[in-house]
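The values are calculated or read from the model by the stated rules, or taken from the named source; none is laboratory data. The model shown is predicted, which means the values in this text are computed figures rather than measured ones. Counting neighbours? That spans all protein chains shown, and the Cβs are built from the backbone with ideal geometry, glycine included.
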Amino acid sequence: MNMQEYIDEAEQALLHTYNRFQIVLDKGDGVYLYDIEGKKYLDFVSGIAVFALGYNNKAYNDALKAQIDKVIHTSNYYYNVPAIEAAKKMKKVSGMDRIFFTNSGAEAIEGALKAARKYAYLKDGKTDHEIIALNHSFHGRTFGALSVTGNPKYREAFEPMIGNIKFANMNDLESVKNCVTDKTCAIIMETVQGEGGIYPAEKEFIEGVRALCDEKDILLILDEIQCGMGRCGAMYAWQLYGVKPDIMTTAKALGCGVPVGAFLMTEKVAASSLTSGDHGTTYGGNPLATAAISKVLDLFEEEKILENVNAVTPYLEEKLDELAAKYDFIETRRGLGFMQGLVFDRPVGEIINKALEKGLILINAGTNIIRFVPPLIISKENVDTMIEILTECLNEL
Ligand SMILES: *Cc1c(COP(=O)(O)O)cnc(C)c1O
């Protein structure tokens, strides 16, 4: 079948919840993806901040193949070595104390919210606790995660949400303070907002939120699902601010393509929140998924992934800033590390489609923002190629 025939079949079978780009992808290698007709694309999306190590990394693939030949799944009723090793490595890179593995980002959020409610319940025995979330946030599509997602469009048709959620504004400490009551059990936020438009937290804001949480024994949940795993230049973006969460969530690049996530907590929260029987998952942390995590974390060190992000970031920022200066219709650039956004005064869909035709994969964040979340192995030459193609597209507007 040719590409169009596959697309037609897909549209007969798949639920139409995505307006998909009109290509059928076949394989990947490094920073490139190939469609089934052999056309090559430079990828500045990495499956939405997932494929940090680039495609077809041999050491990663070999580790997965070896695990497949041993055992893919057991159950969380038994121990398995890959999960134990992954947990140990994750504690080391995160500085958190306890881990629960999930299958996705949204499920990590669900677990984090449950842990926060249980922590508050054990303190006062009440069941009316409130959670503060932020406008423009994105935490996932399941009911709990959607309830704390600060985009009414995503929630409206599915009301009622879980309830007792209040929304404040990113980088506006007063608005957070105004939401606090004696029922508040947690504040949840992305350290750098992703889907909502690439808004990094300001240092003073996140420090203020931390101080507020400490003062009132409110738990700070940092969602690092998109901005974590080295993307912003530290293993977890909060480490750049020196503000540690009580609970954090991670997913996306954690397994570099194998579906896995986790929520992690400090000993203080672990000692007095979820306990046996409170939470569970069939697949979460299975040997295949945790073998992936373990290898990913090893390769981050061996392949000096963070070093590359920090070495190439100033160049990427400079080049994007040049575009912002050159074109009137680009308002600004914002972001941290390899999580950047170019803010336009108009919808960016047409530009992204043009780029795809010219062999460059980009994605939006909201209607007016082009988001750059490439594999963490990109070089300055890859940045140059991306800028060249993007410039061509902009000149055609
Ligand atoms: C993608 C994302 C999620 C949801 O993760 P899924 O794996 O799609 O469920 C949650 N929070 C943030 C910040 C994300 O970027």
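Considering ALA253, ALA289, the condition of being within 13 Å of the ligand (Cβ to nearest atom), in contact (Cβ under 8 Å) with a residue 60 or more places away in the chain and closer than 18 Å to GLY54 by Cβ is satisfied by ALA253 alone.
The criterion of at least 3 residues that are surrounded by fewer than 20 Cβ atoms within 10 Å (Cβ to Cβ) is met by the following strands (runs of 3 or more DSSP E) wholly inside region 301-377: 330-336. Would it be correct to say that GLU215 is free of Cβ contacts under 8 Å to residues at least 24 places away in the same chain and assigned by TED's automatic domain parsing to the domain that holds HIS129? Judged against the criteria, GLU215 is a match.
Any residue that is more than 23 Å from GLN340 (Cβ to Cβ) and of a type in the set (A, V, I, L, M, F, W, C) - is there at least one of those in region 225-241? No: zero hits. The criterion of at least 2 residues that are more than 24 Å from ALA237 (Cα to Cα) is met by the following helices (runs of 4 or more DSSP H) wholly inside region 114-205: 152-155, 173-179.
Tallying residues that are among the hydroxyl-bearing types (Ser, Thr, Tyr), out of contact with any strand residue (DSSP E or B) (no Cβ under 9 Å at 6 or more places or on another chain), in contact (Cβ under 8 Å) with a residue 12 or more places away in the chain and away from the ligand (no atom under 16 Å from the Cβ) within region 113-166 yields 0. All conditions in (1) away from the ligand (no atom under 16 Å from the Cβ); (2) more than 27 Å from GLU130 (Cα to Cα) hold for SER273, with the sole exception of (2). Contact map, region 57-80: first residue in a helix (DSSP H, G or I), second residue among the β-branched types (Val, Ile, Thr), Cβ cut-off under 8 Å, separation 6 or more or different chains; pairs are TYR60/VAL296; LEU64/VAL258.
Being basic (Lys, Arg), buried (at least 16 other Cβ atoms within 10 Å of the Cβ) and closer than 25 Å to VAL243 by Cβ: is that true of LYS89 here? Considered against the rule, which asks whether it is basic (Lys, Arg), buried (at least 16 other Cβ atoms within 10 Å of the Cβ) and closer than 25 Å to VAL243 by Cβ, LYS89 comes out as yes.
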